[in-house]
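Encoded as structure tokens, the structure appears first; notes follow it.
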Amino acid sequence: KPLTIFEFAKEIQKPTTEIIKYYFAQGMMLNQNTTLNEDQMGELALHFGFDFKKENVLTKENIFEQLQEVDKPEDLITRPPVVTIMGHVDHGKTTLLDSMRDSNVVSGEAGGITQAIGAYQVTSKSGKKITFIDTPGHEAFTEMRSRGANVTDIVILIVAADDGVMPQTEEAIDHAKHANVPIIVFVNKMDKPDANPERVKTELMQHGILAEEFGGDVPFIYGSAKQKQGLDDLQETILFIAELRDYKANPNKFASGIVLEAHLDKSKGPVASVLIQQGTLNIRDVVIAGPTYGTIKDMENENGRKLKTAVPSQPVVIIGLNEVPNAGDKFLVMNDATVARSIAEAQYEKHLAMERSNKQSFTLDSIKTHIDDGELKLVNLIIKADTQGSVEALKSSLAKLDINGVRINIIRASVGAISNSDITLAAAGQALVYGFNVRPSAVVHKKAEEDGVEIRLHNVIYKLIEELEAAAKGMLDPVF
Ligand code: GDP
């Protein structure tokens, strides 16, 4: 049946502007309400590489899977843990990263110009290395994760002792819990006269972060990023967890990993910071990084020192790619320039389209299909409401919802408007977003559309429940 550009864009999960641009390039001025006929829809589907036989298409994801061989246990060696620091703005993330970096000037590199490459390594007192990811915010973390790039082994949750748990602290907790990685709490700004660590502990407990001294399993470190107090303690705690979890990688194969960030340098061309996750990267290696490729001409560490090789958990800057890749793109060594080039080129357009069409949107209507496919046992919800009272009422009503074998899992429930961060989390966690007496802004609405996240708005609790129940009944329709 004919669809408008707006509806069709939604169907193929492309921004409407892409379609309007496509026709504009052919001299046609259409708008989002223009109706497309079947031929036009077919043509657009082709143009965007939207292929209905997904399993036969070489996607960015399956290229990497197909090329990953299974490691023999004897090839695996211990690698440094990869750590991300998250917390509320001004609670001291940057100061903590800087302090740890300052107090760790590796001999021989003193005086080297440190560069912001999105990650760096420190060597602890005990001589072991830790890699810190220095991403600007939680969004980057979740965005990478929603693209299947799990870079972080451990999350440091930083909370200022004079301020306590704040909205972005809660967000960080949601992200870390959903990524299922161990959390270490760093209670910062203990040097301040109004520091109140007991309050921080209690507030975190109310958010399900239980300190070891309360019988939980989350280590709490008390210190000051500014006064460089507690840093050794923090590092030893990270290393203790790393030892328990036994993070390993195989250095004896072609390197693969994740692009942390990239930009275009006027004189050097595309410059990418990458985190090596497997294998050893050598200068002159031919790599594919997402839709880009190239021969590594130059490689440097975070202190600007030239490197010939890089090993697992090591962040490095590489020069030699043909274009600028995106943060979160996977990279892989493929020592055949022609193949690398043809894969990168041939897949470029397709990748972009596949990425969107592969990102399954999770909608109320699709719940039944997901269940029938046997892939859904939990319906993830994010709830935003106007008052704490509504949040609590919704939480308790939803907890009572009885859907045979399928549970409602609330991954975030809080007071406030629906935000971009809610959408990012929903996309990563395949969740529906419910607004109760709150609405998203136009910007948030657009992001939801692009990310394939469904937002449902309600102002009567029983209607919201009824709707979910109806979807649930759908799930339970007997199949004859
Ligand atoms: P971010 O937004 O989380 O990256 O926070 P910043 O690292 O930029 O820190 C915000 C402010 O808090 C800055 O003015 C820091 O100097 C200050 N700050 C950070 N850590 C401490 C600390 O341990 N003690 C005190 N007194 N101030 C700190």
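Laboratory data are not the source of any read-out in this text; all were calculated from the coordinates shown. Given the structure is predicted, the values throughout are model-derived calculations rather than measurements. Note that each Cβ is placed from the backbone with ideal geometry, even for glycine, and that neighbours are counted across all protein chains shown.
Expressed as a whole percent, how much of the Cα-Cα distance distribution for the stretch 174-239 exceeds 15 Å? That tail contains 55 percent of the Cα-Cα pairs.
Listed highest first by mean packing, meaning other Cβ atoms within 10 Å per residue, what order do 199-211, 311-323 come in?
Values: 199-211: 17.2, 311-323: 21.8.
Per-residue mean Cβ counts within 10 Å order the peptides as 311-323, 199-211.
Once the C-beta distance of residue 401 and residue 11 is scaled by a Förster radius of 35 Å, the resulting FRET efficiency is 0.70 to the nearest 0.05.
Calculate the all-directions average of the projected area of the stretch 245-330's alpha-carbon convex hull, and give it in nm². Let's see the in-between values first.
On the way: hull surface 22.0 nm².
Its average projected convex-hull area is 5.5 nm².
Among 217-226, 421-430, how do they line up from the highest to the lowest mean number of other beta-carbon atoms within 10 Å? Display every interim value, and only then the final one.
Values: 217-226: 19.6, 421-430: 24.2.
Taking the mean over residues of other Cβ atoms within 10 Å, the ranking is 421-430, 217-226.
From the Kirkwood radius over Cα pairs of the stretch 207-273, Stokes-Einstein at 25 °C and 0.890 mPa s returns a whole-number translational diffusion coefficient of 151 µm²/s.
At the listed q of 0.11, 0.17, 0.19 Å⁻¹, the Debye profile of the stretch 168-322, built from one uniform point per Cα, gives log10 I(q)/I(0) equal to -0.64, -1.01, -1.09.
Over all pairs of distinct alpha carbons, what does the Kirkwood formula give as the hydrodynamic radius of the stretch 161-208, in Å?
Details: mean 1/r = 0.0880 Å⁻¹.
Kirkwood radius, the stretch 161-208: 11.4 Å.
Exceedance of the 23 Å cut-off in Cα-Cα distance is limited, within the set 128/268; 384/463; 201/226; 384/447; 308/330, to 128/268.
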